[in-house]
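> Take this structure, written in structure tokens, and hold onto it; I'll ask about it next.
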Amino acid sequence: LSLAIRGNTLCRTAQDVFQSVASFSFIAVALEIFTPLSLGGTIHIAGDALRKDAQALVEHMHKHGITTSFFPPQMARIVLPQLENQLSSMVVGSDRVIALHSDRVRIFNSYGCSETCGPMTSFEIDRAYPDITPIGSAYAASRIYILDDDGNRLPDGHEGEICISGQIAKGYLNLPELTAERFIPNPFSQGEDDKILFRTNDIGRINENGQLEYV
């Protein structure tokens, strides 16, 4: 697992208190659980009923002194205004992020999927973006390509399919046809570590600052 939104940003000391809101079937749970455990932090695991009720989560976070958590953007908009004086950091992801920012809480917009074995990119949100908030650049030992329908690399600013090499799975269990379709030989490979390219089916682009945007 490559958990680059960690260390001095997410769970900074053993005194930080992390809340896990993701279902155990969602890849974000790896970030939520292993990051604080690796740093000696405390985790409160929200049950199914609690994670679906934004106001109940706010009350739970107030009661237990939660300092950092992952939220989908829609829930983050509800939770953030009520917890800006308590939270130190927040991670958002799983959907497009628009007009989300705080002067008090460090917010990281992350991108990843099950096939990338966890978060693949992250971007610390520095202002409220009215259209598309960047999701950062690839973590170390991985590469991101924006390709057209014919598999050609597109210039920055052009929309195409997000394809990834490096930190990816080997394929799908007992699904050889789908594996062959989505995990293909990487024509841009520079060595053994990036010889396979994963096609995400997501559409994105690289902006003028070299940051990936999820479209």
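> Which residue pairs have Cβ atoms closer than 6 Å, lie 6 or more positions apart in sequence or on different chains, and pair a first residue in segment 126-137 that is closer than 14 Å to GLU208 by Cβ with a second residue that is open to solvent by 10 Å² or more (accessible area, probe 1.4 Å)?
Pairs that qualify, where the first residue is closer than 14 Å to GLU208 by Cβ and the partner is open to solvent by 10 Å² or more (accessible area, probe 1.4 Å), are ILE132/GLU213; PRO134/PHE123; PRO134/GLN211; PRO134/GLU213.
> Looking at (1) at pLDDT 95 or above; (2) open to solvent by less than 80 Å² (accessible area, probe 1.4 Å); (3) not polar (S, T, N, Q), find the lone condition where CYS113 falls short.
(1)
> Please determine whether any residue of segment 142-151 is more than 23 Å from SER122 (Cβ to Cβ) and touching a residue at least 24 places away in the same chain (Cβ under 8 Å). Even if it seems obvious, please write down each step before you answer.
Taking segment 142-151 first, the residues more than 23 Å from SER122 (Cβ to Cβ) are 148-151.
Retained after the next criterion (residues that are touching a residue at least 24 places away in the same chain (Cβ under 8 Å)): 151.
The answer is yes; a qualifying residue exists.
> Being open to solvent by 30 Å² or more (accessible area, probe 1.4 Å), over 19 Å from PRO73 (Cβ atoms) and at pLDDT below 80 is the requirement here; does ALA14 meet it?
Working: open to solvent by 30 Å² or more (accessible area, probe 1.4 Å): yes; over 19 Å from PRO73 (Cβ atoms): yes; at pLDDT below 80: yes.
Taking the combined requirement at face value, the residue satisfies it.
> Taking segment 71-101 on its own, how many of its residues are over 24 Å from ILE45 (Cβ atoms) and either hydrophobic (A, V, I, L, M, F, W, C) or open to solvent by less than 10 Å² (accessible area, probe 1.4 Å) (or both)?
4
> Please indicate, with yes or no, whether at least one residue in segment 114-124 is of a type outside the set (S, T, N, Q), farther than 18 Å from PHE26 by Cα and touching a residue at least 24 places away in the same chain (Cβ under 8 Å).
yes
> Take the residues of segment 181-195 that are modelled with pLDDT under 95 and of a type in the set (S, T, N, Q): which is surrounded by the most Cβ atoms within 10 Å (Cβ to Cβ)?
So, considering only residues that are modelled with pLDDT under 95 and of a type in the set (S, T, N, Q), the one surrounded by the most Cβ atoms within 10 Å (Cβ to Cβ) is SER189.
> List pairs: first residue in segment 24-41 and buried (at least 19 other Cβ atoms within 10 Å of the Cβ), second residue among the aromatic types (Phe, Trp, Tyr) anywhere in the structure, Cβ distance under 8 angstrom, at least six positions apart or on different chains.
Short answer, once both residue conditions are applied: ALA28/PHE70; LEU31/PHE70; GLU32/PHE18; GLU32/PHE70; THR35/PHE18; PRO36/PHE18; GLY41/PHE18.
> Return yes or no: is ILE206 without any contact (Cβ under 8 Å) to a residue 60 or more places away in the chain and surrounded by 15 or more Cβ atoms within 10 Å (Cβ to Cβ)?
Values: without any contact (Cβ under 8 Å) to a residue 60 or more places away in the chain: no; surrounded by 15 or more Cβ atoms within 10 Å (Cβ to Cβ): yes.
So ILE206 fails the test.
> Another one. State all residues of segment 124-154 that are in a loop (DSSP other than H, G, I, E, B), of a type outside the set (Gly, Ala, Ser) and more than 14 Å from the chain's Cα centre (by Cα); if no residue qualifies, say none.
If we filter segment 124-154 for residues that are in a loop (DSSP other than H, G, I, E, B), which is where we start, we get 125-135, 139-142, 148-152, 154.
Those left that are additionally of a type outside the set (Gly, Ala, Ser): 125-127, 129-135, 139, 148-150, 152, 154.
Correct list: ASP126, ARG127, TYR129, PRO130, ASP131, ILE132, ASP148, ASP149, ASP150, ASN152, LEU154.
> Right, next: Determine the pairs where a residue that is more than 18 Å from TYR145 (Cα to Cα), located within segment 170-199, has a partner that is in a loop (DSSP other than H, G, I, E, B) and among the aromatic types (Phe, Trp, Tyr) with Cβ atoms under 9 Å apart, the partner being 6 or more residues away or on another chain.
LEU178/TYR172; THR179/TYR172
The values are calculated or read from the model by the stated rules, or taken from the named source; none is laboratory data. Just so we're clear, the structure is a prediction, and the values are computed from it rather than from any experiment. Note that we place each Cβ from the backbone using ideal geometry, even for glycine, and neighbour counts take in every protein chain shown. We work out accessible area using only protein heavy atoms, side chains counted, and drop any ligands, DNA or RNA first. Shrake-Rupley method; radii C 1.70, N 1.55, O 1.52, S 1.80 Å.
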